[in-house]
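Down below is the structure, laid out as structure tokens.
The values are calculated or read from the model by the stated rules, or taken from the named source; none is laboratory data. Keep in mind that this is a model prediction, so the values were computed, not measured. All Cβ positions, glycine included, derive from the backbone under ideal geometry; neighbour counts span all protein chains shown.
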């Protein structure tokens, strides 16, 4: 990652490329980690107790997002949240541009780089975000809130400034089923870089997205690119959904 | 998912197919969820505090696996765990078989179905598991323990009974970087179904894997198959790494 590779097309100003990503990995903040005492605001530890079919009682520790769902506590097997999704992950593919000044003439994917305290590293991920208003309502019913489709276009615009068109919305998928209930939907969005509304993208990032930057990576060779970044940049961690997508893309049937 | 599709080849006895998966979704256990009090055994809630480059103090709640890493608490920005991986996810591709009695004559992928208390559902995932012995050592150094390669072959054999050959091992990837530090590596394994050692696969599942079953799904059309399962079976949740891999596989560059 030392010298720019001349053959790679450059994305527009303000967007990082494979060549410039390393330069954005400034010193990581010095973080103090302490046991969380008192009432957590976002996460709660929950103990699940059940009997397996043989009658053996089993327990499992898990963590729940407090803000996104009715508390699971004292609501055995809630069914009202079947269709609730915490978040969306946006596979944002930029079509080849006819104008090299705007975007490369090959398909690229828009990713986001940000400091993630939980990983202690910079992480490279799909643009993503929580669906808004997924709060429980008094009688146990769930306000379906923002649809994954709306959330995906909003997050894409807020995080990268680009306006996309949605091709598909996947089903709820589990982030880390061993320990959390949280889930997302994968939304595939196509971006036409040559439209007027995408001429001067203006991200509208939230205060807690102070570290967020947009990265454009060619779709061709994505897995090799991610493997190269992971090898060269120990302070970078790649998200597992992004890596898995790239592994599928590279797989020969 | 009602009637078997005659054109789909059947995997060996004891392994579920797309046609038979629904029949394995027996009633979910009745689970009681309670706030976790006292000392958790597996998970801990941690508060991260840091200053962003503008000098603004920020906090973040996160959850750590207790058993897999030295406690983060009071160890700002630990660097000794750079190469520690909590788990492996095994992309286990079964080569087309020359013997239809053993396995289909088309490439299939081995998945596992299990009840996951955190999701309150049956989940369909890559065979996966924690790397063993990744415990902290007194002086702060980390015993590197079981390699991802060894862990992948062990988990594959324990969960499905099959012996594979590893093609590649990916870098550490973040499970859910918004809230957890845990990470895995993706290991690609090829399985030759026609070898003697794979003639009569014998899983060796652990007690807490009481619900685990092996599922074989054709690689061709994997994303469509997953979308179909998610649509037809509300009590099933698909893992996000598996879904992302399938989405990449289906994506046309």
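A few points about this structure:
- Odd one out for residue B:109, checked against (1) in contact with a strand residue (DSSP E or B) (Cβ under 8 Å, 6 or more places away or on another chain); (2) at pLDDT below 90; (3) under 30 Å from residue B:232 (Cα atoms): (2)
- Test result for residue B:5, at pLDDT 90 or above and either away from every other protein chain (no Cβ under 13 Å) or surrounded by 15 or more Cβ atoms within 10 Å (Cβ to Cβ) (or both): no
- Subset of region B:211-253 [facing chain A (nearest Cβ under 7 Å), over 23 Å from residue A:90 (Cβ atoms) and assigned to a helix (DSSP H, G or I)]: none
- Residue within region B:190-202 that is under 28 Å from residue A:107 (Cβ atoms) and either surrounded by fewer than 19 Cβ atoms within 10 Å (Cβ to Cβ) or in contact with a strand residue (DSSP E or B) (Cβ under 6 Å, 6 or more places away or on another chain) (or both) present: no
Conditions (1) away from every other protein chain (no Cβ under 11 Å); (2) modelled with pLDDT of 95 or more; (3) more than 29 Å from residue B:237 (Cβ to Cβ), marked per residue:
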| position | (1), (2), (3) |
| --- | --- |
| B:90 | yes, yes, no |
| B:100 | yes, no, yes |
| B:120 | no, no, no |
| B:141 | yes, no, yes |
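- Subset tally (residues that are in contact (Cβ under 8 Å) with a residue 12 or more places away in the chain and either facing chain A (nearest Cβ under 7 Å) or more than 24 Å from the chain's Cα centre (by Cα) (or both)) for region B:19-43: 7
- The lone criterion from (1) modelled with pLDDT of 90 or more; (2) buried (at least 18 other Cβ atoms within 10 Å of the Cβ) left unmet by residue A:95 is number (2).
- Residue B:55 modelled with pLDDT of 90 or more, assigned to a loop (DSSP other than H, G, I, E, B) and farther than 30 Å from residue B:228 by Cβ: yes
- Taken over region B:177-206, the criterion of being outside any loop (DSSP other than H, G, I, E, B) and either at the interface with another protein chain (Cβ under 8 Å from one of its Cβ atoms) or closer than 30 Å to residue A:238 by Cβ (or both) is satisfied by B:180, B:183, B:184, B:185, B:186, B:187, B:188, B:189, B:190, B:191.
- Hits in region B:102-118 (condition: within 12 Å of another protein chain (Cβ to nearest Cβ) and in contact (Cβ under 8 Å) with a residue 60 or more places away in the chain): B:106, B:107, B:108, B:109, B:112, B:113, B:114, B:115, B:116, B:117
- Test: residue in region B:154-165 that is in contact with a strand residue (DSSP E or B) (Cβ under 6 Å, 6 or more places away or on another chain), assigned to a strand (DSSP E or B) and modelled with pLDDT of 90 or more: yes
- Within region B:166-182, being in contact with a strand residue (DSSP E or B) (Cβ under 6 Å, 6 or more places away or on another chain) and more than 16 Å from residue A:182 (Cα to Cα) holds for B:166, B:167, B:168, B:169, B:170, B:172, B:173.
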